[in-house]
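J.: Let me give you the structure first, and then I'll get to my questions.
The values are calculated or read from the model by the stated rules, or taken from the named source; none is laboratory data. Computed from a predicted model, the values in this text were never measured in an experiment. Don't worry about glycine lacking a Cβ; one is built from the backbone with ideal geometry, like all the others, and counts go over all protein chains shown.
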Amino acid sequence: MKIGYVMSPGRGDVDRVLGRLAETLMARGVDVAGVVQTNTDCGPSKACDMDVEVLPAGPVLRISQDLGPESRGCRLNPEALELAVGLVGQRLNGDTRLLVVNKFGKQEAEGRGFREVIGAALAQDIPVVVGLNGLNRDAFEEFCGGMAEALTPELQALLDWFDAAPEAVG
């Protein structure tokens, strides 16, 4: 079982580094499953739009919802997230060499979201790398049972971690 996580204080940094990791490995011919997130700035008075691309080749799904300018609640569209989860789960197979999950977030902390897909990948000895924020760190560590490895949020460090996985050679 090999699972690593990436944290970064910069907004969108984790999304960008996981996206570059997936892109680099797929260019090498590595079978990568999962999702990477992009955020689109919508101006100063509106929160960004959040989209995930289901790897390796789409679709791109909008996982945020516009709740109006005065809203303060979670903007995640849980139905769109679950659609992404289902698509990723269908793509895991014996050729998959890495699962990338943009975020172990509130849904995963509560037992939903990508939690089962992460477990399925680990059960198949597929290395997993996830983005993580401090809010969900305790739930993530409990889920991983202390087996997760903190990774430096830099492309070369992530490539080195992947290359060191026995499953990467597959």
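J.: Name the residue, out of Leu21, Leu25, that is at pLDDT 85 or above, hydrophobic (A, V, I, L, M, F, W, C), under 12 Å from the mean Cα position of the chain (by Cα) and surrounded by 15 or more Cβ atoms within 10 Å (Cβ to Cβ).
T.: The conditions single out Leu21.
J.: Can you name the residue in the stretch 104-145 that is in contact with a helix residue (DSSP H, G or I) (Cβ under 7 Å, 6 or more places away or on another chain) and of a type in the set (Asp, Glu) and is also surrounded by the most Cβ atoms within 10 Å (Cβ to Cβ) among such residues?
T.: This residue is Glu108.
J.: Under 9 Å between Cβ atoms, at least 6 apart or on separate chains: pull out the pairs that start in the stretch 142-165 with a residue that is over 21 Å from Gly105 (Cβ atoms) and end on any residue that is surrounded by fewer than 11 Cβ atoms within 10 Å (Cβ to Cβ).
T.: Partner pairs satisfying both residue conditions: Asp163/Val169.
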